[in-house]
1. Report, in degrees rounded to the nearest 10, the 0 to 90 angle that the Cα long axis of helix 70-79 makes with the longest principal axis of the chain.
2. If you put +1 on each Lys and Arg Cβ and -1 on each Asp and Glu Cβ, how big is the dipole of the chain around its Cα centre, in Debye rounded to 20?
3. Report the net charge of residues surrounding LEU7, where surrounding means a beta-carbon distance below 13 angstrom and charges are Lys +1, Arg +1, Asp -1, Glu -1.
4. Rolling a 1.4 angstrom probe over the protein heavy atoms, how many square angstrom per residue are accessible across the chain?
5. Output the antiparallel fraction of DSSP beta bridges having both residues in the chain, as a percent to the nearest 5.
6. Around GLU60, under 12 Å between beta carbons, what's the net of Lys plus Arg minus Asp minus Glu among the other residues?
7. Tally Lys/Arg at +1 and Asp/Glu at -1 over every other residue whose Cβ is under 12 Å from the Cβ of LYS72; what's the total?
8. Which percent of the accessible area of the stretch 4-91 is formed by carbon and sulfur heavy atoms (probe 1.4 angstrom)?
Amino acid sequence: MLEKKVLIQNKTGLHARPAAQFVQKASSFESKINIIFEDKEVNAKSIMGVMSLGVGKGKEISIKADGEDSQKAIKELVDFINIEMPKEDHE
């Protein structure tokens, strides 16, 4: 099992479109993937779970993955948060 912390930097946080894109990306991996925020842990492949966290800009989450492709999953999901999500702010 791998776990990595990441800071949410885009304006809207992990809401609406970014959340849907994150869930879609997480769903492309075989590994079990969870997001931990404050005292809650949810399935990263569940849009309702991710939205229920209410993660805003400047908040830190942990992404936890367990499975054969967990390393790739963590790397790509962290890259998505750090690189792709902030791009949305400029569109």
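1. 10
2. Values: 14 positive and 15 negative charges, 33 e Å.
Taking the Cα centre of the chain as origin, the dipole is about 160 debye.
3. Numbers: positive: LYS4, LYS5, LYS57, LYS59; negative: GLU60.
Net of charged neighbours comes to +3.
4. Details: 5240 Å² over 91 residues.
Here the residues of the chain average 58 Å² of exposed surface.
5. Values: 15 of 15 bridges.
Restricted to the chain, the bridges split so that about 100 percent are antiparallel.
6. On the way: positive: LYS4, LYS5, LYS57, LYS59; negative: GLU38.
Residues near GLU60 contribute +3 overall.
7. Details: positive: LYS25, LYS75; negative: GLU30, GLU68, ASP69, GLU76, ASP79.
Result for the neighbourhood of LYS72: -3.
8. Working: 2420 of 4920 Å².
Here carbon and sulfur together make up 49 percent of the probe-accessible area.
The values are calculated or read from the model by the stated rules, or taken from the named source; none is laboratory data. None of these values were measured; they are calculated from a predicted model. Glycine also receives a Cβ, built like all others from the backbone with ideal geometry; neighbour counts cover every protein chain displayed. The area values use the complete protein model at the heavy-atom level, side chains included, leaving out ligands, DNA and RNA. Shrake-Rupley method; radii C 1.70, N 1.55, O 1.52, S 1.80 Å.
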